[in-house]
Amino acid sequence: MTKLIETLVTQRSEILNALAEHITLSFLALVCALVIALPLAIWFRDKPFLGEAMLQLAGMIQTIPSLALLGLLIPLVGIGPVPAVIALTLYAIMPIYQNTYTGLKNIDPNLSEAADAFGLSKRKKLQRLELPLALPLIFSGIRIALVLVIGTATLAAFIGAGGLGTYIMLGIQQNNNTYLLIGGILSAALAFGFSFGLKYIGQTKKRILVTLGLLVTCLVGLAGYQTYEALREKPVKVVIAGKLGSEPEILMNMYRDLIKQDEPNAKVSLKPNFGGTTFLFQALQKGQIDIYPEFTGTVLEALVKLDKKTPSDPNKTYTLAKEALATKYQLRYLRPMAYQNGYDLAVTKEFSKRYNVTKLSDLARVNAFVKAGFDPDFSNQEDGYLGLKKAYGLDFGSISVMEPALRYQAIANHKVNLVDGYTTDPQIKQYDLVVLEDDRHFFPPYQGAPLMTEKFAKENPQIVASLEKLSGQISASEMQALNYQVTVKHRKASTVAREYLLKKGLLQAKDK
């Protein structure tokens, strides 16, 4: 409880920002669902065949897994809030449409006949009889949709849309129960609070009208603010994203601090845990992000895909990566840092001793006994398990694909006996694992450096100069120590990054 309270106090601005993002996503989705579902239910109330067909269609959408739906939307509309709002809207349509349609269809026929006898037009009949009678059921559907949307919106973090799901995702990756509690409790409290509020509003017609008036006022105010923002001079905006894990988040915060030091008016936003390699690369090409840290070996093996073996010389690898990115994709790849964060495979000490496994070539004779836990990138890349199979003749008996942080928890709990990892991972020391020697030198050099479009680099030479300060900095032992502080000690990545920059004199103390 002490740790929870401390985190709430020290990270209150970040938590409030995540809360605001969550509310915005949920509100936009609910409004869009209302705009779609209410007119359809009204239109189809006298068309039973179409009304039931729409009901079945809305029900079918509900059966699509949330992450699958988000994945299907990404190629169509990209990443960020847009696919999240679309997916949440689709899920919210069902309860709103069903309750509205049912409420309108189940009105007492005698009342309907009486309205016709008095000569009410269809519009007047809807306005004075049908909607008032169906209103309690309609509000019930809206409440159900809102609770559903707020709960599902936690998944928006997986596609870079932010929200409280960011804390749930960080809690899983860093094995941090405090973050899990913050994300889970606030999501539940949000759902309960809005559900109770809607119930209270829906009790009288006056409350409904007052609420609608307030919403219209807020929307007008928001439109005015957006107009003001569009007309006034804008500061430089930079969106920095990163892959899953503590290391990319540390680097992102270093990038931000260096940029803000030289460009105080720059508006820098971070999108940590944004996704895997392909996901980030596509986002960069589409202009949805501006910068992300990428590794030289990954560029050659997974992005530009050389038709020859990646050189073992780090300098040659970087030069090839830089030239290929510039030629093929018009991207600028800045000079890398000192450390190499290459792939490795680690096993438990028990497994190593039992089967006398100390090198990657030893694994071929114990394929059947290996229970591997791999992250999604490693399991599907040529510079990962796909290439490793060919180089060492591997065919493991069991492979489970899981999020990066979970694989270390899995090996610690004896669910698997081999995991992929990186040479700077602090969990190697934390769980006393044995890193297997790459005796055939399969893994290429992996040095991290900022990647951006050539257009962005030319438009922002000062930002390029700021980021170049990290060139040749950070040793492997320093990076492992930084990762340990975030992953094991559960310190904020922003604090750890700033402390390092101050210590190395890359950041002025007055900016602390």
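The values are calculated or read from the model by the stated rules, or taken from the named source; none is laboratory data. This is a predicted model, so every value here is computed, not measured. Positions of Cβ are generated from backbone atoms using ideal geometry, with glycine treated the same way; all protein chains shown enter the neighbour counts.
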Item to check | Checklist (1) of a type outside the set (V, I, T); (2) under 24 Å from L284 (Cα atoms); (3) not in a loop (DSSP other than H, G, I, E, B) applied to R335, failing item | outcome: (3)
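The rows are residues; the columns are (1) at pLDDT 80 or above; (2) in the same structural domain as P39 (by TED's automatic domain parsing); (3) under 11 Å from T100 (Cα atoms).
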residue: R123; (1), (2), (3): no, yes, no
residue: Q127; (1), (2), (3): no, yes, no
residue: P136; (1), (2), (3): yes, yes, yes
residue: G141; (1), (2), (3): yes, yes, yes
residue: I144; (1), (2), (3): yes, yes, no
residue: I150; (1), (2), (3): yes, yes, no
residue: I159; (1), (2), (3): no, yes, no
Checklist entry - If you take the residues in the stretch 254-280 that are within 17 Å of the chain's Cα centre (by Cα) and in contact (Cβ under 8 Å) with a residue 60 or more places away in the chain, which one is nearest to E301 (Cα to Cα)? => result T277
Item to check | Residue among D383, D395 that alone is within 21 Å of I428 (Cβ to Cβ) and not assigned by TED's automatic domain parsing to the domain that holds E478 | outcome: D383
Next on the checklist: Give all pairs with beta carbons closer than 7 Å in which a residue from the stretch 142-153 that is closer than 13 Å to F192 by Cβ meets a residue that is of a type in the set (A, V, I, L, M); count only pairs at least 6 apart in sequence or on separate chains.
Outcome noted: R143/L198; L146/L30; L146/L198; V147/A191; I150/L190; I150/A191; G151/A191
Checklist entry - In the stretch 8-47, what residues are over 30 Å from G163 (Cα atoms) and either without any contact (Cβ under 8 Å) to a residue 12 or more places away in the chain or out of contact with any helix residue (DSSP H, G or I) (no Cβ under 9 Å at 6 or more places or on another chain) (or both)? => result W43, D46, K47
Checklist entry - Right, K489: under 27 Å from the mean Cα position of the chain (by Cα) and in a loop (DSSP other than H, G, I, E, B) or not? => result yes
Next on the checklist: Can you report the number of residues in the stretch 452-495 which are of a type in the set (A, V, I, L, M, F, W, C) and either in contact with a strand residue (DSSP E or B) (Cβ under 6 Å, 6 or more places away or on another chain) or under 16 Å from R256 (Cα atoms) (or both)?
Outcome noted: 9
Checklist entry - Looking only at strands (runs of 3 or more DSSP E) that fall completely inside the stretch 360-450, which ones have 1 or more residues that are free of Cβ contacts under 8 Å to residues at least 40 places away in the same chain and touching a Ser or Thr at 6+ places or on another chain (Cβ under 9 Å)? => result 398-401
Item to check | Extreme residue, surrounded by the fewest Cβ atoms within 10 Å (Cβ to Cβ), among residues of the stretch 39-83 that are touching an Asp or Glu at 6+ places or on another chain (Cβ under 9 Å) and in a helix (DSSP H, G or I) | outcome: I42
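It is to be established whether one or more residues within the stretch 91-107 are in a helix (DSSP H, G or I), of a type in the set (G, A, S) and within 22 Å of A241 (Cβ to Cβ).
Step one: of the stretch 91-107, the residues in a helix (DSSP H, G or I) are 91-105.
Okay, now just the ones that are also of a type in the set (G, A, S), so 92, 103.
Right, trim to within 22 Å of A241 (Cβ to Cβ) and you get none.
Among the residues of the stretch 91-107, not one is in a helix (DSSP H, G or I), of a type in the set (G, A, S) and within 22 Å of A241 (Cβ to Cβ), which makes the answer no.
This table checks each residue for (1) within 27 Å of the chain's Cα centre (by Cα); (2) not aromatic (F, W, Y).
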residue: A189; (1), (2): yes, yes
residue: S195; (1), (2): yes, yes
residue: Y200; (1), (2): no, no
residue: L214; (1), (2): no, yes
residue: I250; (1), (2): yes, yes
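Quick check on my filter: what residues within the stretch 1-18 are within 25 Å of L219 (Cβ to Cβ) and either crowded, with 19+ Cβ neighbours inside 10 Å or touching an Asp or Glu at 6+ places or on another chain (Cβ under 6 Å) (or both)? Can you show your working first?
First, the residues of the stretch 1-18 that are within 25 Å of L219 (Cβ to Cβ): 16-18.
Within the stretch 1-18, just A18 meets the criteria.
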Checklist entry - Among the residues of the stretch 470-480, is there at least one that is among the hydroxyl-bearing types (S, T, Y), within 29 Å of K349 (Cβ to Cβ), not assigned by TED's automatic domain parsing to the domain that holds A364 and not in a helix (DSSP H, G or I)? => result yes
Next on the checklist: Among the residues that make up the stretch 92-106, is at least one of them out of contact with any Pro (no Cβ under 6 Å at 6 or more places or on another chain) and surrounded by fewer than 17 Cβ atoms within 10 Å (Cβ to Cβ)?
Outcome noted: yes
Next on the checklist: Any residue at all in the stretch 97-111 that's β-branched (V, I, T) and at pLDDT below 85?
Outcome noted: yes
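Out of F139, F158, which single residue is farther than 30 Å from V488 by Cα and part of a helix (DSSP H, G or I)?
Values: F158 fails: farther than 30 Å from V488 by Cα.
Only one candidate passes the filter, namely F139.
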